Amino acid sequence: MSDEICGYAEEPTALVQRAFQDVADKAMHDLSFLHPNMPVYVSGFKLFEGQWVGCVITPWMLSALILPGPNQVWPLRTISDKLGLAMPYDNMTFTVGELEGISQYLTCSLMSPLDHSLTPEQGVQLANDCTRMLLSIPVSDPDAPAQLGRRALLLGRRNCSNA
């Protein structure tokens, strides 16, 4: 077994879809936490800093995924190891995962188990929206006071020279 993971030259949505669908077909039946109507759906992966970033929703979870991109070589990691990554949206903790049919990948759970009131259409939209959000630069309010701590906000204090 190699101690390296070679990146995907092509966008890996179909491979990831097939791998998670295989898990759903083979291993996930009659479990109380499963969403009874949610399909396996993988948002289109986008390149971010040379890596493929996307989201997957299944009957058991919604997660962000990162796979190595074109011309990338990742070291082989221990399954379940944690890595903190700075994404445009926020800092996130990812876990090393692996499924048959795809190389090791990084995953961050966004929702598990799924809310049973979520429709399949809403689930698909949520996966697409989460991918966009992960790669979006946060918007800040330019009129907000600078460097206000949470405690100051809760107590109604402001940074004022005449207070």
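The values are calculated or read from the model by the stated rules, or taken from the named source; none is laboratory data. All figures in this text were calculated on a predicted structure; none of them were measured in a lab. Glycine also receives a Cβ, built like all others from the backbone with ideal geometry; neighbour counts cover every protein chain displayed. Surface accessibility is based on the protein's heavy atoms, side chains included, excluding ligands, DNA and RNA. Shrake-Rupley method; radii C 1.70, N 1.55, O 1.52, S 1.80 Å.
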> Under a 1.4 angstrom probe, counting protein chains only, how are 78, 95 ranked by accessible area, largest first?
Replying inline: 78, 95
> Roughly how much of residue 93 is accessible, in Å² to the nearest 10, using a 1.4 Å probe?
Replying inline: 80
> Given a 1.4 Å probe and the protein chains all in place, what does the accessible area of residue 79 round to, in Å² to the nearest 10?
Replying inline: 80
> Quick one: if the Förster radius is 25 Å, what FRET efficiency do residue 80 and residue 136 give, using the C-beta to C-beta distance and rounding to 0.05?
Replying inline: 0.30
> How much of the accessible area of region 1-118, in percent, comes from carbon and sulfur atoms when a 1.4 Å probe is used?
Replying inline: 52
>> Let me make sure I get this right: for region 14-101, a, b and c are the square roots of the gyration tensor eigenvalues over alpha carbons, sorted descending. Under 1.5 in a/c it's rounded, otherwise prolate if a/b > b/c, else oblate. Which is it?
In response: prolate
>> Using 0.36 nm times the number of residues separating residue 116 and residue 71, minus their current alpha carbon distance, what extension gain do you get?
In response: 12.2 nm
